[in-house]
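Before any comments, here is the structure.
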Amino acid sequence: MARVVIIGGGPGGYEAALVAHQLGAEVTVVDRDGLGGSAVLTDCVPSKTLIATSDLMTDMASAAELGITMVGDGGQGTAATTVHADLAQVNARVQALAAEQSRDIEGRLVRRDITILKGVGRLDGPRRVIATLHDGTEQSIDADAVLIATGARPRTLPSAQPDGERILTWEQVYDLTDLPTHMIVVGSGVTGAEFASAYQSLGVPVTLISSRDRVLPGEDADAAVVLEDVLTRRGMTVLGKSRMQSVTRTGDTVTVTLTDGREVTGSHCILALGSVPNTEGIGLQEAGVKLDEGGFVKIDRVSRTHAFPVYAAGDCTGGFMLASVAAMAGRIAMQHFLGDAVSPIDLGQVSSNVFTSPEIATVGATQKAVDSGDVIADVVRLDLKGNPRAKMQGVRDGFVKIFARPGSGIVVGGVVVGPRASELIHPITLAVTANLTADQLAAAFTVYPSMSGSTAEAARRLHRV
Ligand SMILES: Cc1cc2nc3c(=O)[nH]c(=O)nc-3n(C[C@H](O)[C@H](O)[C@H](O)COP(=O)(O)OP(=O)(O)OC[C@H]3O[C@@H](n4cnc5c(N)ncnc54)[C@H](O)[C@@H]3O)c2cc1C
């Protein structure tokens, strides 16, 4: 029986553990912070649970347009005209849900007799892991293969140190019990944009500080324009081309000083400055594992590092830092080592979503690649405001965009901006994955009326005679 040791119990680690067990290996997972990892405890699950509340608040904001008026006691005998999020309750729900999800994952592993060691793991050469358990004891485990899935953590700067109360990393926001009176979000990548959008929907005045000329510099530019337009229309202050120099706190006030000397003051600040990998001090380089200049583990498309039999998966390897990609890379590592049928990971097929309001979902080829000539494709963009379902729901912002090869019509990518874009992207993802043509995508029935009708219509417009 092959012995597999996995360091890190996030999606990269626990999904690999399940596959390794299924393929007959004896599996040990060493995990420091709780099964499910940052994905479940501090990042993906908590943020999307918070956003479930903020999405409902966004829907409520358009209630009047759909003919809903609020009646009843708004306090002191007045009629209720506003909805209010109780952040203490919201965050209690967030934390309870995350903890439950972590317990569920642990239960799944335990039921399969996967050994879980709670503590810190490090390599002692490529075939041995030393686990320092939380009770201070050490265990040495010999392995036929090791998977490094230690994830990443929020980047901070010496001039912008979180205090856990008002200057916060994204891991610390769930301890807030009162709505901030003015939230400043530094960083307009995916995480910054999601939190800025969420707090705005919760009714908090938000200033978003972006070092680039627009929000979401890594995403489809048309989509970013729609989002920025919606956020500013709803009252957010977006400061473009504004680089943060420092963040300081005086009493209840947080001041963000920009490199050009301007100052922005608020009650709280979230630092969304990117991630650093958890790869230092765990014996990687000593074992022959190579890191890039950012400290991320270098791997190939079946998750092999430079030191056989050490594999790595997930955020500690950089690239697409997504739970879905971490899980896939972890599974592939185990399939490869344990001799199962395996296809190397294809990052050109990853679908991802920015959970702002509206959402932005993308898959495959990008507009940037098409514009630069790296990908030859026809592009059709169809705005949602003409869609009958969108009209019924009061949705005006958003679009579907599909990229298809000019000759064959094969769909190579797409973008959806709108409510629940994360769900709407799936047919385009299927088309990209299965090499379907735009005609095939258009030929499948869609429900009338539905947002996905716009996907079929965009595909129809790509038909070439
Ligand atoms: C705010 C936010 C929201 C996100 N939302 C989404 C989303 O909606 N969808 C999505 O797909 N992705 C999302 N992501 C990304 C996603 O969370 C990560 O891609 C995912 O967590 C990566 O999984 P992982 O297994 O590599 O690492 P992690 O989830 O970070 O897990 C790593 C685990 O390793 C443990 N560990 C670290 N070092 C050691 C050690 N030496 N010994 C033992 N254990 C160790 C840690 O305690 C942790 O449990 C989000 C990220 C952020 C920051």
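The values are calculated or read from the model by the stated rules, or taken from the named source; none is laboratory data. Only a predicted model underlies this, so the values are computations on that prediction, with no experimental measurement involved. Cβ: placed from backbone, ideal geometry, glycine included. Neighbour counts: every protein chain shown. Heavy atoms of the whole protein, side chains included, go into the accessibility calculation; ligands, DNA and RNA do not. Shrake-Rupley method; radii C 1.70, N 1.55, O 1.52, S 1.80 Å.
Please enumerate the residues belonging to the range 404-416 that are out of contact with any Asp or Glu (no Cβ under 7 Å at 6 or more places or on another chain) and open to solvent by less than 10 Å² (accessible area, probe 1.4 Å).
Across the range 404-416, the qualifying residues are V411, G413, G414, V416.
Checking L208 against (1) within 21 Å of V45 (Cβ to Cβ); (2) assigned to a strand (DSSP E or B), which single condition isn't satisfied?
Unmet condition: (1).
Got a sec? Which of G13, G9 is closer than 15 Å to G314 by Cα, near the ligand (Cβ under 6 Å from one of its atoms), under 19 Å from the mean Cα position of the chain (by Cα) and not in a helix (DSSP H, G or I)?
Selected residue: G9, the only one of G13, G9 that is closer than 15 Å to G314 by Cα, near the ligand (Cβ under 6 Å from one of its atoms), under 19 Å from the mean Cα position of the chain (by Cα) and not in a helix (DSSP H, G or I).
Of the residues that sit in the range 104-134 and are among the basic types (K, R) and without any contact (Cβ under 8 Å) to a residue 60 or more places away in the chain, which one is farthest from L35 (Cα to Cα)?
Checking each candidate, the answer is R128.
Of all residues in the range 98-122, which are touching a Ser or Thr at 6+ places or on another chain (Cβ under 9 Å) and either in a strand (DSSP E or B) or over 23 Å from K48 (Cβ atoms) (or both)?
Listed by number, the residues that qualify are I114, T115, I116, L117, G119, V120, G121, R122.
I'd like to know if the range 139-148 contains one or more residues that are open to solvent by less than 40 Å² (accessible area, probe 1.4 Å), over 16 Å from V247 (Cβ atoms), assigned to a loop (DSSP other than H, G, I, E, B) and among the small types (G, A, S).
There is at least one residue in the range 139-148 that is open to solvent by less than 40 Å² (accessible area, probe 1.4 Å), over 16 Å from V247 (Cβ atoms), assigned to a loop (DSSP other than H, G, I, E, B) and among the small types (G, A, S).
Out of the residues in the range 16-34 meeting the condition of being surrounded by fewer than 24 Cβ atoms within 10 Å (Cβ to Cβ) and either assigned to a helix (DSSP H, G or I) or small (G, A, S) (or both), tell me which one is farthest from the ligand (Cβ to nearest atom).
The residue in question is G24.
I'd like the residue in the range 35-54 that is open to solvent by 30 Å² or more (accessible area, probe 1.4 Å) and over 27 Å from I114 (Cβ atoms) and, out of all such residues, is nearest to the ligand (Cβ to nearest atom).
Applying the filter and picking the extreme gives A52.
What number of residues within the range 165-216 are more than 13 Å from T237 (Cα to Cα) and touching a Cys at 6+ places or on another chain (Cβ under 8 Å)?
3
Assess whether A390 counts as being closer than 22 Å to R301 by Cα and of a type in the set (A, V, I, L, M).
no
Anything in the range 369-398 that is without any contact (Cβ under 8 Å) to a residue 40 or more places away in the chain, of a type in the set (A, V, I, L, M) and open to solvent by 40 Å² or more (accessible area, probe 1.4 Å)? List them, or say none.
Within the range 369-398, I376, V379 meet the criteria.
What are the residues in the range 274-286 that are open to solvent by less than 30 Å² (accessible area, probe 1.4 Å) and either more than 15 Å from the ligand (Cβ to nearest atom) or on the phi < 0 side of the Ramachandran plot (or both), if any?
Residues satisfying the conditions are P277, N278, T279, I282, L284.
Here are some residues: A98, A92, A145. Which one is among the aliphatic types (A, V, I, L, M), away from the ligand (no atom under 16 Å from the Cβ), at pLDDT 95 or above and within 22 Å of L18 (Cβ to Cβ)?
Going through A98, A92, A145 in turn, the sole match is A145.
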